[in-house]
Structures are given as C-alpha cells and as structure tokens.
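Notes to accompany the following structure.
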Amino acid sequence: MIDPSNYTVGLPIAASTYASKVDLSLNILQWGMVAIFVIWGIFFTYCLVRFRSRNNPSASYAAANKGGALSFLPDVMVLGFEIWLIFFLGLPIWAEIKETFPTAMESNVVELVAEQYAWGFQYSGDDGLFAKRDPKQISSGNTIGLDANDPNGKDDYVSINELHVPLGKPTLLYMSSKDVIHSFFVPEFRVKQDVVPGMRVPLWFEPTKTGRFEIGCAQLCGLGHYRMRGEVVVHTPEEFEVWKQEKMKEKEI
C-alpha cells in the first residue's frame, strides 16, 4: 500500500537521487516568478498613483523619453535570470537524467512493455539475458509475448503493474509499447517519459527510500486511461533477492 504521507502540501516526497535537484530548480523558478510578480506589482501601483488623472489631466508623452538605457535594466535582469536558470541550472540536471545513463553492469535492468491498460515488466533472471518477445505468442497467460523457444528466457520472469527494484542501485528501464503512446510517471522519483510504439526508450532512476510508489500514465491513452496504474516496490537488497528467487521458483512450478 502506498504511504499517504508521500503526498502532502506541495510536491510529493523526493525518493530518488536526482529528485532534490529537480525540486531545487522548480523552487527557484517559482520563487523567482513570485519576486518578479511582487516587484512589477509595486511598480504598477506606483504608476497608478503617481500618474493618476486628477494630477495629470492632460496626457504628456515627454516622460516616455526619460530614463534612456536605464529603463531596460529590469528587462536585462529578468533575461539574465532566465538564461542562468536554463543554461546553468536546468541543463546540467537534464543532462544528468536524460543523457548520462548508468551502465547495464551496475544497474538493475528491466524491460517495460506498456499496453492499454497495464504495465508489464520483464526481468532477465540470473543469466542477465532477456528473451525475445514475439507478438504472435501473446496470450492471456503471456501478455508481453515472451518467446517460448528462446533459451535466454528460461529464467526470465514477469510482473504486471508492479515494478520491483532494489534500494541503493540504479534501475535501467527499456520501455516499449504494444499499442499507443503511454507515459511512465512516478511523481516521487520525478521521472516522466513517453513510451512510444516502435521505439525502445531508456530511462533510469535510483531510489533512496524503500516502500511503494505509484506509477501513473501521464498520457491520455484511451477510454480506460484512468485504470492504467501500478506501483514501484523498492526493496532492501536482501529483500529484493528473496523476491527474485521466489519469482524464479514460481516459474519452475
């Protein structure tokens, strides 16, 4: 069960290694906009009082020429703030999340197959090799179409609407879709990525807390879109190994 305290006033709790950096950029942006709103509001109020019609019955445009280059100072300050925000704060965070991926050797690698309206997760087992998927073999008991003839799939196992990951290790997801565009969204991890048919889209995160965290679909994907929900279950490394062995035994049975 997802802990209700994950969602309080403001943003959900930060539960991944880069969530706090995303929060920092959002907070700076929001407080910057508040500061600009207040400053412009004060200036606007001053102008309303200073140039009210009772003291200025006839409009004069001579004042518009006063101030010169100094009048552009507020615009230059706002432009400088936005440039700093985008290029010196936002882009490094974006690059860390979207451009710098952990290697497969140091990660928990999982294949995600999205469909209307479920999330399917394929794990490789002890050999680290994933079985091929064959659309012709999709059935009620094989929703992602694991190829029964692929020897790499002997120890593969699958979970539906539950992604199990270990704490303290990056999880590398390779995401694809069987039908329409979906969007994998875990608010506590600050991750959201479209899942596109015909593409294998990578995504990574490293949890910093154990527990259950909601998976939502952030893309309107059909009439049953509201039902496309799941959970990320973050285990301690020991608990994850136990869960993994149990899933492999279930397959053997």
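Here are the numbers for this structure:
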item	result
Any chance V110 is over 30 Å from F205 (Cβ atoms) and surrounded by 11 or more Cβ atoms within 10 Å (Cβ to Cβ)	no
Qualifying residues in region 1-21 (those that are in a helix (DSSP H, G or I) and open to solvent by 80 Å² or more (accessible area, probe 1.4 Å)) - the one farthest from K98 (Cα to Cα)	P4
Test result for G68, closer than 30 Å to F51 by Cα and free of Cβ contacts under 8 Å to residues at least 60 places away in the same chain	yes
Residues of region 94-130 classified as among the small types (G, A, S), assigned to a loop (DSSP other than H, G, I, E, B) and either touching a Lys or Arg at 6+ places or on another chain (Cβ under 8 Å) or in contact (Cβ under 8 Å) with a residue 60 or more places away in the chain (or both), total	3
Some residue of region 28-37 being open to solvent by 80 Å² or more (accessible area, probe 1.4 Å), more than 20 Å from F88 (Cα to Cα) and either modelled with pLDDT under 95 or of a type in the set (A, V, I, L, M, F, W, C) (or both)	yes
Selection within region 74-126 - under 30 Å from E246 (Cα atoms) and of a type in the set (A, V, I, L, M, F, W, C)	F101, A104, M105, V109, V110, L112, V113, A114, A118, W119, F121
Residue check, H235 open to solvent by 10 Å² or more (accessible area, probe 1.4 Å), in contact with a strand residue (DSSP E or B) (Cβ under 7 Å, 6 or more places away or on another chain) and modelled with pLDDT of 95 or more	yes
Any hit, region 222-232, residues being without any contact (Cβ under 8 Å) to a residue 12 or more places away in the chain, assigned to a loop (DSSP other than H, G, I, E, B) and surrounded by fewer than 18 Cβ atoms within 10 Å (Cβ to Cβ)	yes
Set L29, L73, L24, L91: member being in a helix (DSSP H, G or I), within 29 Å of G198 (Cα to Cα) and not basic (K, R)	L91
Scan of region 176-192 for residues that are assigned to a strand (DSSP E or B) and either out of contact with any Ser or Thr (no Cβ under 9 Å at 6 or more places or on another chain) or farther than 21 Å from T103 by Cα (or both), ordered by number	S176, S177, H182, S183, F184, F185, V186
Whichever residue in region 184-211 is among the basic types (K, R) and more than 13 Å from A14 (Cα to Cα) and, among such residues, is surrounded by the most Cβ atoms within 10 Å (Cβ to Cβ)	K192
Members of region 193-221 that are assigned to a strand (DSSP E or B), free of Cβ contacts under 8 Å to residues at least 60 places away in the same chain and over 25 Å from S5 (Cα atoms)	D194, P197, V201, L203
Yes/no for E238 being under 22 Å from S107 (Cβ atoms) and among the acidic types (D, E)	yes
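The values are calculated or read from the model by the stated rules, or taken from the named source; none is laboratory data. Since the model is a prediction, treat every value here as computed from it, not as a measurement. Glycine gets a Cβ as well: all are built from the backbone with ideal geometry, and neighbour counts include every protein chain shown. Side chains are part of the model used for accessible areas, which takes the heavy atoms of the whole protein and leaves out ligands, DNA and RNA. Shrake-Rupley method; radii C 1.70, N 1.55, O 1.52, S 1.80 Å.
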